[in-house]
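Below: the structure, in structure tokens.
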Amino acid sequence: MKRREFIYDGAPVLKMTEQEYTAFYLQFEKSIMASLKKRELLTDLQYKRCIEEIEKQYNKHNICNIVTTY
């Protein structure tokens, strides 16, 4: 998976498409999980399970968008 990094520099935020927002939010959630794992507040198994659930929700959201746009 390609790693994406978002850095806010204080400038006004441009309007984001729903797809861009969803990608941002997915990476944001994953970064929170990685932070918790790094601080040893999550075990490897808990981390992997959380990532699976986050990705499952992301994929479910994308499928719903595909269905509603046709």
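Results, tabulated for the structure shown:
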| quantity | calculated |
| --- | --- |
| Partner lysines for residue 56 [C-alpha distance under 21 Å; skip if fewer than 8 residues away on the same chain] | 2, 30, 37, 48 |
| Helical mean residue ellipticity (222 nm; -39500 (n - 2.57) per DSSP H run of 4+; nearest 500) of the chain | -23500 deg cm²/dmol |
| Global form of the chain, assessed from the alpha-carbon gyration tensor, a/c cut-off 1.5 | oblate |
| Local electrostatic count, residue 36, Cβ distance below 13 Å [Lys/Arg +1, Asp/Glu -1] | +3 |
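The numbers here are math on the coordinates, done by the rules we state, and not lab data. This structure is a prediction, so every number in the text was calculated from the model and none was measured. Note that we place each Cβ from the backbone using ideal geometry, even for glycine, and neighbour counts take in every protein chain shown.
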